[in-house]
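These notes concern the structure reproduced below.
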Amino acid sequence: MKQSGNTILITGGASGIGKELAARFHALGNAVIVAGRRQSALDAVVAEHPGMVGYALDLADKDAVTAFAATVTAAHPGVNILVNNAGIMGFEDLARSGDSTEAEAAVTTNLLGPIRLTNALTDHLASQPDAAIINVTSGLAFVPLLAAPTYSATKAALHSYTVSLREVLKGKIEVIELAPPAVQTGLTPGQSTRPGYMPLDDFMTEVMALFAQTPTPPEILVERVRFLRFAEREGRFDATLTALNDFATKAREGQS
């Protein structure tokens, strides 16, 4: 992927990994467009980085996604990179019946949202030089967090979708998967300071070094996520499932 001179659209760009990706890509000399649910949060990001542009977008609204794609490409015809980063994570107890509203919202935002936006932008991206799609999944796509089964499932599905997309778009659009480990962000309550999670700045420094490689790896995997990514291939899935969930439970309890 070309490192500068792009016009990059990043969903979920007002906080966490999306915000940091926006800042780092902007600093490299790219035009950056951030999208998210709250215009006020986007405005704050844009104020920190003159030249960025922010658009409110509700990925749960199918018609809004289609309209947004048309608006962005008309206003910024040079858009050549899409980063599907927006995501939500909730905790569930599968051992009992309960309200599935949060689970359904996760499917809509984490999976249908990227599929809809990618579909709306594919023809435009294919017409641009140095086009790329970056899908942000998770280490939990490969080994699930039992307390967040729907989130884990949406990321596994997005991984599979990305594999298909990469093959179908080969030679037209570069398709890259970024799979973070547990990172200190605001994704869930208390996560931004949770012990044992990877500091966001450290994560981003390693990520940007991987993006700078030539050629860019099809999967951006920092060292901390590789134990999840390759657990099944290396014949240690069950042990990794246990270790991951024991660690996550203790980390959350340590902040309760």
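Descriptive notes on the structure:
- As a proxy for reagent exposure, Val163, Val34, Val72, Val225 were ordered by neighbouring Cβ count within 10 angstrom, fewest first; the result is Val163, Val72, Val225, Val34.
- Exposed-loop-free span, longest in the chain, where GluC sites (Glu not before Pro) count as exposed if DSSP calls them loop and at most 15 other C-beta atoms lie within 10 Å: 1-231
- Nearby lysines by direct alpha-carbon distance to Lys170 (threshold 25 angstrom, same-chain neighbours under 8 apart not counted): Lys2, Lys155
- Think of the chain as a dipole: +1 on every Lys or Arg Cβ, -1 on every Asp or Glu Cβ, centred on the Cα centre; then among Gln128, Thr154, Val46, Gln128 lies furthest on the positive end.
- Length released on extending from Arg252 to Thr66, taking residue separation times 0.36 nm less the Cα-Cα span: 63.1 nm
- When +1 charges are put on Lys and Arg Cβ atoms and -1 charges on Asp and Glu Cβ atoms, the dipole computed for the range 7-253 relative to its Cα centre reaches about 180 debye.
- For the range 99-108, 3J(HN,Hα) per residue [Karplus equation, 6.51 cos²θ - 1.76 cosθ + 1.60, θ = phi - 60°, Hz, x = Gly/Pro]: 6, 9, 4, 5, 5, 5, 5, 5, 4, 5
- Close amide H partners of Val32, meaning residues 5 or more places away or on another chain with modelled amide H under 5 Å apart, are Ile8, Val53.
- Ordering Asp43, Asp123 by the number of other Cβ atoms within 10 Å of each residue's own Cβ, fewest first, gives Asp123, Asp43.
- Fewest-first sequence of Ile81, Ile17 by Cβ atoms within 10 Å of each Cβ: Ile17, Ile81
- Label positions at Val168 and Phe237, each projected 7 Å from the Cα along the C-beta direction, are separated by 2.5 nm.
- In a reduced charge model with +1 at each Lys and Arg Cβ and -1 at each Asp and Glu Cβ, the range 25-166 shows a dipole moment near 260 debye about its Cα centre.
- Theoretical FRET efficiency, 1/(1+(r/R0)^6), r = Cβ-Cβ of Ala95 and Ala126, R0 35 Å, to 0.05: 0.15
- Charge dipole of the chain about the Cα centre (unit charges at C-beta), most positive-ward option of Thr216, Ala31, Val163: Thr216
- Restricting the calculation to Cα atoms, every distinct pair contributes to the Kirkwood radius of the range 7-253, found to be 18.4 Å.
- 3J(HN,Hα) along the range 30-44, derived from phi through the Karplus expression 6.51 cos²θ - 1.76 cosθ + 1.60 where θ = phi - 60°, amounts to 9, 7, 10, 10, 10, 10, x, 6, 10, 4, 4, 5, 5, 4, 5 Hz, with x in place of Gly and Pro.
FYI, it's all coordinate maths here, none of it is from the lab. Just so it is clear, the model here is predicted, and its values are computed rather than measured. Glycine gets a Cβ as well: all are built from the backbone with ideal geometry, and neighbour counts include every protein chain shown.
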